[in-house]
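Undergrad: The structure that follows is given in the form of structure tokens.
The values are calculated or read from the model by the stated rules, or taken from the named source; none is laboratory data. Computed from a predicted structure; not experimentally measured. So basically every Cβ, Gly included, is an ideal-geometry build from the backbone, and we count neighbours across all protein chains shown. Remember, those area values only see protein heavy atoms, side chains included, never the ligands or the DNA or RNA. Shrake-Rupley method; radii C 1.70, N 1.55, O 1.52, S 1.80 Å.
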Amino acid sequence: MIHARLSPSGADRWMVCTASVRTIEAMLERGELKESDLEDEMREQITEEEILDQQLNAYSDVVLDPTRESTTFSAEGTVLHSVRSNCLVFGEEPHEYVGRKMSDDGFDFVIDDDMADRLVPGIDWIREKTPNPIVEERVSLNDWLPGQHGFCDTYWLVRRTLGVSDFKNGVGEPVPVIGTRQLRLYALGGWSELGKPPVDNVLLNIDQPRAGGMKFWEFPFAELLEFGDEVKRVYDRIDRGDVEFAPNSKSCRWCPVRKTKRGCAAYNRWHIMMLGIAVLDIANGDPTFVEPAQMPRAHRYYLVKHAAQIRAWLAKLHEESLAAAIDGDPDPGSKAIEPSGGRRFFTDDLMSETIVEYALKDSAFKPKQLIGFTEIDKLMKPGRKKKGHPVEYGQLLRLVDVTEGKPKLVPADHPAPAYQRAVEDDFDDQPDETIEDDFEDQ
Ligand code: SF4
């Protein structure tokens with residue numbers, strides 16, 4: 001019998017990296033992990049990696065504050081989930097919450113127009129589908145995963161179509177709906193809770209306002225049952241110990257094993273292998289890197305795609321190496337040295353300001369700087385329940401121009417349409433042989 005929680009939100013891990021389940025159980029027993037460490041996987045979070053990921057993704061119009069900790073993003077997601085749930089259950093509107101203070105995990109939020117706007121399309125769509133959705137309910141997965149359950153945002157059954165909708169507040173990475181294991185498990189659980197009625201179709205929806213918007217996947221119910229059979233087979237393999245480590249971005253993303261002090265050997269080997277593709281020689285002195293133009297193209301994009309993850313991994317290496325040196329057991333070739341001086345700060349801000357202002361007059365202050373476009377939109381743009389500054393905002397819009405954007409590199413399954421090169425310009429500007437090369441590459 002498996003004791004660990006096989007949660008729907010962790011399905012991308014345990015259905016692929018089957019060895020992670022017993023590894024987590026063993027770490028819990030040894031005290032290397034706590035139950036609370038497993039919660040990350042069950043909550044929606046935005047990590048440092050995701051913030052870095054924005055550099056690679058197309059959602060640069062959404063600005064995250066990198067000084068906010070991942071837990072505050074997570075808490076904001078929880079608060080918005082509860083507004084969404086109240087609206088669906090009690091017939092309220094998200095904008096009725098604007099100005100209201102709500103809290104989660106010790107973080108306070110005041111609901112603003114922007115937050116309320118995010119919730120509207122998903123709520124409206126669910127209301128079109130059904131007047132009576134089942135909201136934030138525990139669903140049993142016992143028939144597929146003995147002793148397991150999940151918490152489903154919203155599900156319903158109307159005219160033999162089983163619907164599931166899941167709200168995601170994240171920004172950094174669009175969560176694809178097609179192929180989602182998490183929502184298929186919710187659908188199985190919801191169907192089971194409804195008493196296994198006859199169903200023809202399944203309609204899954206990920207409502208991710210800041211990364212792809214409303215995403216849908218509809219398929220015949222028979223395919224859901226096939227998925228249920230696959231889930232049972234995975235459970236049996238884990239139960240009898242026929243398991244393997246299978247590191248990959250999706251599985252490892254929230255896995256608590258890699259976050260322990262010891263980390264995950266399979267995960268580390270995977271990164272070294274990824275970097276090994278790019279490093280020519282690590283035996284002598286500084287490593288030599290392969291020229292990007294000479295790398296196999298699939299390898300090159302593999303590294304680009306995982307750049308944020310590699311950066312986070314390198315940061316962790318640095319942290320561990322420094323910790324070892326501070327503990328008196330430095331990695332060969334390294335040592336920790338005395339701090340070169342900490343950051344200075346005033347113990348009395350007001351008194352310090354008075355002294356500096358007395359001495360320097362106007363030079364005591366930095367020049368004023370205009371706030372950015374996102375902040376301007378937030379404070380000046382009129383909204384459904386926000387007065388804003390409509391006259392000035394209109395005047396300002398006439399003074400806004402946009403620079404020519406640069407194409408961005410994103411995964412091939414990204415929802416935005418692919419960039420189209422201006423073919424005529426190519427014919428005008430390029431010698432004939434370059435054009436032939438382009439055709440060969442496509
Ligand atoms: S970190 Fe990745 S490879 Fe290691 S146990 Fe977790 S999911 Fe598996």
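Undergrad: Given charges of +1 on the Cβ of Lys and Arg and -1 on the Cβ of Asp and Glu, with all other atoms neutral, how large is the dipole of the stretch 275-326 about its Cα centre, in debye to the nearest 20?
TA: Here the size comes out at about 340 debye.
Undergrad: Please tell me the relative contact order of the chain in percent, rounded to the nearest whole number, where contacts are Cα pairs under 8 Å and at least six residues apart.
TA: Value for the chain: 16 percent.
Undergrad: For D329 and A26, what does the FRET efficiency come to when R0 = 22 Å and r is the distance between their Cβ atoms, rounded to the nearest 0.05?
TA: The calculated FRET efficiency here is 0.30.
Undergrad: Quick one: the Cα spread of the stretch 148-190 along its three principal axes, in angstroms, biggest first?
TA: Ordered largest first, the stretch 148-190 gives principal extents of 35, 26, 18 Å.
Undergrad: Sticking with this structure for a sec: Ignoring ligands, DNA and RNA, what percent of the accessible area of the chain is carbon or sulfur (1.4 Å)? Show your work: numbers first, answer last.
TA: On the way: 14520 of 27180 Å².
Carbon and sulfur: 53 percent of the exposed surface of the chain.
Undergrad: Given points 7 Å out from each Cα along the Cα-Cβ axis, report the R343 to N248 separation in nanometres with one decimal.
TA: Result: 4.0 nm between the two label points.
Undergrad: What nm value, rounded to one decimal, do you get for the distance between E226 and T374 when each label is placed 7 Å out toward the C-beta?
TA: Output for this residue pair reads 4.2 nm.
Undergrad: Given the options T154, H95, I111, identify the residue whose Cα lies farthest towards the positive end of the charge dipole of the stretch 89-157 (+1 on Cβ of Lys, Arg; -1 on Cβ of Asp, Glu).
TA: Among T154, H95, I111, the one farthest towards the positive end of the dipole of the stretch 89-157 is T154.
Undergrad: While we're on this one: How charged is the neighbourhood of V243? Take every other residue with its Cβ under 10 Å from the Cβ of V243, and add Lys/Arg as +1 and Asp/Glu as -1.
TA: Neighbourhood net charge equals 0.
Undergrad: For the chain, what is the calculated [θ] at 222 nm in deg cm²/dmol (nearest 500), taking -39500 (n - 2.57) for each run of four or more DSSP H residues and dividing by its residue count?
TA: Details: 17 runs with 188 residues, N = 442.
Estimated from H runs of four or more residues: -13000 deg cm²/dmol.
Undergrad: For A422 and R159, what is the calculated FRET efficiency with R₀ set at 51 Å and r taken between the beta-carbons, to the nearest 0.05? Intermediate values should be presented prior to the final figure.
TA: Details: r = 47 Å, r/R0 = 0.93.
It comes out at approximately 0.60.
Undergrad: Tell me the per residue accessible area of the chain using a 1.4 Å probe; a whole number in Å² is fine. Numbers along the way, then the final one.
TA: Numbers: 27180 Å² over 442 residues.
Solvent-accessible surface per residue comes out at 61 Å².
Undergrad: Also: Tell me which of N169, G179, I123 sits at the most positive position along the dipole axis of the stretch 117-187, charges placed on C-beta atoms (Lys, Arg +1; Asp, Glu -1).
TA: It is G179, whose Cα lies furthest towards the positive end.
Undergrad: What translational D, rounded to a whole number of µm²/s, comes out for the chain from Stokes-Einstein when the hydrodynamic radius is the Kirkwood one over Cα pairs, at 20 °C and 1.002 mPa s?
TA: It comes out at roughly 83 µm²/s.
Undergrad: Continuing with the same structure: Could you go through the stretch 331-337 in sequence order and give the Karplus-derived ³J(HN,Hα) for each residue, using 6.51 cos²θ - 1.76 cosθ + 1.60 with θ = phi - 60°, rounded to whole Hz, and x for Gly and Pro?
TA: Taking θ as phi minus 60°, the curve returns 4, x, x, 10, 7, 9, 10 Hz for the stretch 331-337.
Undergrad: Which of rounded, prolate, oblate describes the stretch 275-326, given a ≥ b ≥ c as roots of the alpha-carbon gyration tensor eigenvalues and a/c under 1.5 marking rounded, otherwise prolate only if a/b is larger than b/c?
TA: oblate
Undergrad: Another question about this same structure. Counting Lys and Arg as +1 and Asp and Glu as -1, each charge on the Cβ, what is the dipole of the chain about the Cα centre in debye, to the nearest 20?
TA: About 1460 debye.
Undergrad: Here's something else I'd like to know. Using a Förster distance of 41 angstrom, determine the FRET efficiency expected from the C-beta separation of E128 and S36, and round it to 0.05.
TA: 0.60
Undergrad: Under a plain spin-label model, where a point goes 7 Å from the Cα along Cα-to-Cβ, how far apart in nm are K261 and D286?
TA: Simple spin-label model gives 3.5 nm for this pair.
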